[in-house]
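The values are calculated or read from the model by the stated rules, or taken from the named source; none is laboratory data. Keep in mind that what you see is a predicted model, and the values were worked out from it rather than measured. Positions of Cβ are backbone-derived with ideal geometry, glycine not excepted, and every protein chain shown enters the neighbour counts. Note: areas computed on protein heavy atoms with side chains; ligands, DNA, RNA excluded. Shrake-Rupley method; radii C 1.70, N 1.55, O 1.52, S 1.80 Å.
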Amino acid sequence: NYAFDQFGIVGNIFQNLTLSGNSSGDRCVAAITTDTTINGGNYHIRDCAIYNMNILYCTTGLDFTGICYLNNFYNSNFSYCTTGFKFARGASSDNGGQNRFFGVKVVLSGVCASIAEDSSAGSYAFFGCSLSESQYGIKTRVSINLVVTGCTFESLRDTGNGAGVYISYGLGQTDLNSYGTITITGNVFLGSDNSIM
């Protein structure tokens, strides 16, 4: 699609699909991904929705690298992935944001959700999700606006450093005015190395 004077995927719906690699030893690269070579990565993913997806045996189940915003994800399952799903900036012109996850489940993966670990801004929210039996639940940076509510984090371990929610400073993150607002409320943390780190 071509919209907003930029290349992009706008207003698409993905639903009721199973996308899978062969096994843990023979993973596909990604079930759904973007091509960052288009327009120098200045690529919009906007107003998309994913319903009832089942993604397994991928290096990255869902890789939205680009300018990703106003997307919603409902009742989808990710398992046996190195990274369940990843949102990354991918272009210097804008940050992603306003992405919401409802009832998403990630199990038996390295990182369940890598959220804007390379970005300086953006907003993301998780409602009623389950992230378990992996190394990390949500990995993000202090500059991101994040809401996590009604979620379950269980058995997230990585030689003592695993965590339900892992928030890093990121490179050069020294300006206190650039911190986002992170709200973590009404969640359940069970049997992990750390609940919030």
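A few points about this structure:
- Hits in the stretch 162-192 - residues which are at pLDDT 95 or above and open to solvent by 40 Å² or more (accessible area, probe 1.4 Å): Tyr166, Thr183, Ile184, Thr185, Gly186, Val188, Phe189, Leu190, Gly191
- Of the residues making up the stretch 112-140, those that are assigned to a strand (DSSP E or B) and farther than 19 Å from Asn71 by Cβ are Ser130, Ser132, Glu133, Ser134, Tyr136, Gly137.
- When Val104, Val111 are screened for being in contact with a Ser or Thr (Cβ under 7 Å, 6 or more places away or on another chain), buried (at least 24 other Cβ atoms within 10 Å of the Cβ), farther than 24 Å from Tyr169 by Cβ and without any contact (Cβ under 8 Å) to a residue 60 or more places away in the chain, only Val104 passes.
- Looking only at the stretch 1-25, and only at residues there that are in a strand (DSSP E or B) and open to solvent by 80 Å² or more (accessible area, probe 1.4 Å), the one that is modelled with the lowest pLDDT: Tyr2
- Residues located in the stretch 73-108, provided they are of a type in the set (Gly, Ala, Ser) and either modelled with pLDDT under 95 or in a strand (DSSP E or B) (or both): Ser79, Gly84, Ala88, Gly90, Ala91, Ser92, Ser93, Gly96, Gly97
Okay, residues lined up against (1) aliphatic (A, V, I, L, M); (2) within 24 Å of Asn12 (Cα to Cα):
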| residue | (1), (2) |
| --- | --- |
| Ala49 | yes, yes |
| Gln98 | no, yes |
| Gly103 | no, yes |
| Leu108 | yes, no |
| Ile115 | yes, yes |
| Ala121 | yes, no |
| Phe126 | no, yes |
| Leu131 | yes, no |
| Ile144 | yes, no |
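- Candidate set: the stretch 26-45, residues that are modelled with pLDDT under 80 and touching a strand residue (DSSP E or B) at 6+ places or on another chain (Cβ under 8 Å); chosen: the one surrounded by the most Cβ atoms within 10 Å (Cβ to Cβ): Tyr43
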